Structure formats: C-alpha cells, structure tokens
Ligand code: MSP
C-alpha cells in the first residue's frame, strides 16, 4: 500500500486580505506536498480559512456588512490567490461550512462525554486580535503576543480541563521531532512546566461562532473551532462511510506547519483537545519565523503589507516561491525586500540557472539538432566528466537531507552548487571551440561534454 502523507497550513483569518506573509506558509507547505507526491506518497494537503470569532465579527461591523458576507469575500480572495499561484492543495476548508460546524460540535460532545468539560465563570483579560485568554494580566495590560491592549471579560463559560494534561504533554514533548525547531520546543516545555490552568472554551457575549451543543447561548471558543479543521476536513465526526475512511487513512497528520506566534495553540491546546477526545496526535508541528518588512512583522495594523499579486504580475509564482524559500532561513525571521527579490531573480534564476540552461540547450540545438547526444565512447571520459556525475549524485542526496529537515534554503543552495559546478565545467571544456572543429575526436568529445552538461 502507498505511504500516506498529510500536511496542513494554518487556516487564515478572514479579517485581512492575503499578503505574502500568508503566501509564505502556504508556499512552504505546497513545496513539501509536491515533493511527497513525487516520492510516491498518497498526499493530502489542506488549507482554508478561519472565519468565526469576535475579531471577524468586529471587522465585519466596521466594514458595515455581515460577518458571513465579509468572510465570503475574503475567503474567496485566499482561494483565488492560491489558485493563481498554482498551490496544489487537495481541499480548502472554511469554518463556516456545515460539514465543519457539525463535526466540531461532535468533537465538543466527545470531550464533554469524556469528562473534560465543566461549567464555570471567567473574569480576566482577553486579546481579541489573537483570540487569546491572557492569564495573570490586569485590566488594560497589553497582550504578550501582539502588544495590543487586552479587554476584560466576565462571562459564564465552559471550561476545558487543560490542567489534567500537563504531565502527558511533557511526555509527548520528550520526542524531539514533535515540535520543531528546538527553540520552539524549549519554549513550549518551559511554558507547560510552569503550570497549566484550565481553559475557557466558550463565549457568550457575542454570537458569531458555532453554538455549544445543547446550550446555544454559548459559542465554541474560536481556537477550538479552528484547530478542529485539521480533522473535520478529512471526515472526523461524519456519518458518511467515505469520510470515515478518509479520516482513518490520513489522520494523524504528518506535519502541521505554522508560524511561530501560534505555537502555544498548536503544541499545547491542540494535543490536549485530541487526547481528551481519545484521538491520535499529529506526528510533527513545524514552526517558521516571520517575514519582516522594514524590520517588523508584516501586518494590516502596522500598514507594512506586501501584496503577492504585484509580484506575480511581474515575476511569476515560481520566482516568488524560489525567493522565499532561498532567502529566508526556515524557522528564523527573514526580511522581505524588493531589492533582494530582484537581485535573486537576476543572479540565481536569470544568470545562474537560466543562463546555464540556455547555453546548454542552444549548443545542443546547434550541434545536435536539438537532441541530447549520447556520450561518445570514441574518446575516453575525463576526470572532470566523472566529477560532475559525482557532484550530481551528491547534490541529490544532500538536497533530500536538507529538504526533509525543512532546511529549504540550504537545499536550494546545494542545488545551485551543481549549477555552478556545471557552469565551470562548460567554461573549462569549451564546447563552443569543439563545435567549430570537424575532426571525429572533437565531435566525440563535444557529445560527451554536452551530454554531461545536460
Ligand atoms: N487563524 C489563525 C490560525 C488558526 S490554525 C488552526 C491565524 N491566522 S493568521 O491568518 O493570522 O495567520 C495564519 C498564518 O500566516 C500563520 O502561520 C502566520 O504565522 C502566517 N503569517 C501571517 N503573517 C505572517 C508574516 N508576516 N510572516 C510569516 N508568516 C505570517 O493565526
């Protein structure tokens, strides 16, 4: 049977139009999904939009429209952008879809039936932008994640017994592959070691969300709703046989890829929810850094957003894909600049790969009517020919190793090492001079040099 591979992006909030920060996460996942398909895995790549919660409700109000209409518009923008970029996702889930809502309620019921949900009341600080409870904060304190002023909420809520999972979570983190990179893993471990408080998982002072089963005055906390997309999209909680099959086949996820600011939700809350529901845990959670623009994280509120569309118009999706994966060390923050984009485009793509391909193909066209010649046995191979073959084999091995560790920039650097080696080989072997000569030996040597270059 084929090996399966299930990878997800976070689902994107629909309060803001897509920008290249979002494209970055999606491109990274797309690249991994494409490689897995090439390696023969039965791959499922999921993305989508996160449409409930107070933040979206307020954004819609401010725009003078309904949350549903607001979400419809922005969700469509994400979907269209991914289409335009040739993103190879197998599904696109929206949290306002019926399939998702029903299945989230099913998850809630399951956790409640297992005894991990109780009713209580919460008074404390809440960050609407991050949709996050801020334990220990005082009124008007800033959110530790985004710096915005928190709001005081006082509500009757349903609580999740997060505190019951402290030891189990620490056991899971013992596997060094569960959270990557190491720095994020250490942060999570120290957060959990410092003690976990139960988590409010419903809200009752606004209504844009999925109703709590049997108590529709409450809506389910947007992060429980959103995280569940990773299982609802592949059929969890469905009564259809086909959906159940898909869930059995693809869950647990092989990789949840996320940005570093949402590590806690994915590495602490999500595994705890899954354990409470008696479900298997994802195999790995991989966090990347931020794309900075002019030194700070690109975001709508800072007004330093770079849109993807302009870049697609001018350079195309492949150039953007190459640039982001080559320029940013995956896991760390990286700066976006148009200068660097143009520089990489010219030096690596046009002059490096483009020039090598064009030279090689032009000579094959000129001297061999466009057919890659076989290396000739009439003249002996030289050590330089064998060296290129060896560099080729080594590049493939190293590329795979780096890539599978999510070190995309090093993988690409390795691949461009091969470009440089072949370039040098061509310069040293001067196929253009060989092509000018008519004797059999030169002709034979030309075949070998162009074969090797190709
Ligand atoms: N809706 C939540 C995720 C729920 S997942 C169950 C959310 N949405 S988001 O739209 O704010 O961010 C989605 C992803 O985009 C995150 O991984 C985030 O890190 C990424 N990025 C958004 N801006 C970014 C940059 N400027 N740079 C890099 N990635 C950024 O969080």
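The values are calculated or read from the model by the stated rules, or taken from the named source; none is laboratory data. Being a predicted model, the structure only gives us computed values, none of them experimental. Cβ: placed from backbone, ideal geometry, glycine included. Neighbour counts: every protein chain shown.
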Q. From the residues in segment 1-17 that are farther than 12 Å from residue 48 by Cα, assigned to a loop (DSSP other than H, G, I, E, B) and in contact with a helix residue (DSSP H, G or I) (Cβ under 9 Å, 6 or more places away or on another chain), which one is farthest from the ligand (Cβ to nearest atom)?
A. 3
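Looking at 28, 41, 60, which one is modelled with pLDDT of 95 or more, closer than 21 Å to residue 207 by Cα, more than 9 Å from the ligand (Cβ to nearest atom) and crowded, with 16+ Cβ neighbours inside 10 Å?
60
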Q | Unique residue being more than 16 Å from the ligand (Cβ to nearest atom) and either surrounded by fewer than 16 Cβ atoms within 10 Å (Cβ to Cβ) or at pLDDT 95 or above (or both) when the list is 148, 185, 180 | A | 185
Q: Of all residues in segment 117-132, count the ones that are within 13 Å of the ligand (Cβ to nearest atom) and either assigned to a strand (DSSP E or B) or without any contact (Cβ under 8 Å) to a residue 12 or more places away in the chain (or both).
A: 2
Q | Qualifying residue in segment 92-110 (condition: part of a loop (DSSP other than H, G, I, E, B), surrounded by 14 or more Cβ atoms within 10 Å (Cβ to Cβ) and out of contact with any strand residue (DSSP E or B) (no Cβ under 8 Å at 6 or more places or on another chain)) | A | yes
